[in-house]
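Right, one structure below, let's go through it.
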Amino acid sequence: MFAPFRIQRPLSKAQRAALPSTRSPDSYAERLLKLVPAEAIALYLAGRGVITGSPDPVAGLDPQSALLGWGILGLVIVVALRWWGTADRKLGESPQIGAVIVSAISYLVWIYSLGDSFKDYGVHDPKLGGLLVIVWTFVVPFIYRGSRDDVSVI
C-alpha cells in the first residue's frame, strides 16, 4: 500500500452493484490509528523532555519559546506526513484534505491537553483538555470515514 494513512470509505450501493470492490473500507480502529498522529505526539513528548529536562536553554531560547517552536514544528510534520501519506500517486489519488485537517486538530487537542505553551498564554484548562482528548479521540473516527473513490457506474 503506497498511501499508508489513506482512509477507505465504503462504496455506495450503485458502486457496489457496478463493480466488485477489491478494496475494503477501513474499520473504526483503522481510522482511529490513521487519524490520531501518535508518531508526532511521541516526537513532541520526547522533545518536550529534552527542552524541560535541563535548566540549560535550547538554541539560546527560553523553555517557553522552545516549546512553542517545538509544537509548531510538530504541527508542520503532521500536516506534511498526512499530506504525503493520504495521497496515492500510483492510482492518481490526491491527498485527503479532510484526513489532514482532522489529524492536525488531533495533534493540537493532545498538545493542548498537556498545557505547555497554552498555559503560558493563559488559555489552558486541564479538565477541558482531558475531556477534549477523550471525546475527540473517540468520536472522530465515527465522523470522518474517508473520501469516496470516483468509480464510474457503467
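Quick notes on this structure:
- Remark: S106 matches the filter, which requires a residue to be in contact (Cβ under 8 Å) with a residue 12 or more places away in the chain and among the polar types (S, T, N, Q).
- In segment 52-69, the count of residues that are under 16 Å from W110 (Cβ atoms), surrounded by fewer than 13 Cβ atoms within 10 Å (Cβ to Cβ) and at pLDDT 90 or above is zero.
- Scan of segment 69-118 for residues that are more than 21 Å from Y144 (Cα to Cα) and in contact with a Lys or Arg (Cβ under 8 Å, 6 or more places away or on another chain), ordered by number: W70, L114, D116
- If the condition is being crowded, with 18+ Cβ neighbours inside 10 Å and either assigned to a helix (DSSP H, G or I) or not hydroxyl-bearing (S, T, Y) (or both), then segment 130-147 contributes W136, V140, P141, G146.
- Filter pass, W83 being without any contact (Cβ under 8 Å) to a residue 60 or more places away in the chain, more than 24 Å from G69 (Cα to Cα) and in a helix (DSSP H, G or I): no
- Filtered residue count, segment 78-102, keeping only those that are farther than 14 Å from R9 by Cβ, out of contact with any Phe, Trp or Tyr (no Cβ under 8 Å at 6 or more places or on another chain) and either surrounded by 20 or more Cβ atoms within 10 Å (Cβ to Cβ) or among the acidic types (D, E) (or both): 0
- Residue among G122, G74, G129, G146 that is closer than 21 Å to S24 by Cβ and not acidic (D, E): G146
- Selection count, segment 70-79, where residues are in contact with a Pro (Cβ under 8 Å, 6 or more places away or on another chain) and farther than 17 Å from V109 by Cβ: 0
- Segment 62-107, residues that are among the charged types (D, E, K, R) and within 21 Å of R48 (Cα to Cα): D62
- Subset of segment 115-124 [in a loop (DSSP other than H, G, I, E, B) and either modelled with pLDDT under 85 or within 22 Å of A38 (Cα to Cα) (or both)]: G115, D116, H124
The values are calculated or read from the model by the stated rules, or taken from the named source; none is laboratory data. Small disclaimer: the values here were computed from a predicted structure and weren't measured. Don't worry about glycine lacking a Cβ; one is built from the backbone with ideal geometry, like all the others, and counts go over all protein chains shown.
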